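Asks: This structure is in structure tokens; I'll ask about it shortly.
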Amino acid sequence: MNLDAARAVATGYMSEDEISWLAEQASSHSRIVEIGSWTGRSTLALAQNTQGTVWAIDNWLGSAGDLDDIIHARGIDWAFDEFRRNLRDCSNVYVKRLDSILASTHFDPCVFDMVFIDAGHTYNAVKNDLKAWAPKLIRGGLLAGHDYTTDRDHCAGVIKAVDELYPDRRLMSPNSGERSLWWTLV
């Protein structure tokens, strides 16, 4: 497994265990889409470990709260510039700088074998992302996401939406700390 996540640690919210899990999953998938890429830490793990391609979908404007503060302090393009810097050597990454739901309309059904969601964390945002992107998976494809945790108030929407639509979901590690990955096969 190739894991150069240290290159993209400037603003990353995943633990090393989570990054390693993503890298391992990428090694057995070749058509991956990531919804919510921010500065590219997880994108890098996916891109360096797949033999195929990774589509990075994000508007790179952040979310309400502290991410807005980062954008206002560093500039509107800061996160996107960091993303491009972190992925500069990855020729297998394609970018759509769009809202997630709009971007989903640019892809046919059943084109990806892995969808990773880590964008908006409100109940409606997560539910809408799941409904928009799950149909883009091939049968048996991996649907996964980040921030399935009770440790942060802003993540309650993730748990509610995922449990509602995918009650049989699994967790990477139920006691992995502040953040956690969930996954299911569709």
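Asks: Here is a list of conditions, (1) modelled with pLDDT under 95; (2) under 15 Å from the mean Cα position of the chain (by Cα); (3) under 25 Å from residue 172 (Cβ atoms), and residue 86 meets all of them except one; can you say which number that is?
Replies: (2)
Asks: Let me ask you something else. Would a scan of the range 114-121 turn up a residue that is of a type in the set (A, V, I, L, M), out of contact with any Gly (no Cβ under 6 Å at 6 or more places or on another chain) and surrounded by fewer than 23 Cβ atoms within 10 Å (Cβ to Cβ)?
Replies: No, the range 114-121 contains no residue that is of a type in the set (A, V, I, L, M), out of contact with any Gly (no Cβ under 6 Å at 6 or more places or on another chain) and surrounded by fewer than 23 Cβ atoms within 10 Å (Cβ to Cβ).
Asks: I'd like to verify a number: residues in the range 120-140 that are under 21 Å from residue 43 (Cβ atoms) and touching a Leu at 6+ places or on another chain (Cβ under 7 Å), how many?
Replies: 3
Asks: While we're looking at this one, here's another question. Six or more apart or on different chains, Cβ atoms under 6 Å: show the pairs whose first residue is in the range 82-103 and under 15 Å from residue 38 (Cβ atoms) and charged (D, E, K, R) and whose second is modelled with pLDDT of 95 or more and in a helix (DSSP H, G or I).
Replies: 96/103
Asks: Just checking, does the range 145-162 include any residue being exposed (fewer than 14 other Cβ atoms within 10 Å of the Cβ) and at pLDDT 95 or above?
Replies: no
Asks: Select from the range 20-34 the residues that are surrounded by 20 or more Cβ atoms within 10 Å (Cβ to Cβ) and modelled with pLDDT under 95 and list them in ascending order.
Replies: Scanning the range 20-34 gives 22, 23.
The values are calculated or read from the model by the stated rules, or taken from the named source; none is laboratory data. Model, not experiment: these values are computed from the prediction. Every residue, glycine as well, gets a Cβ built from its backbone with ideal geometry; the counts of neighbours run over all protein chains shown.
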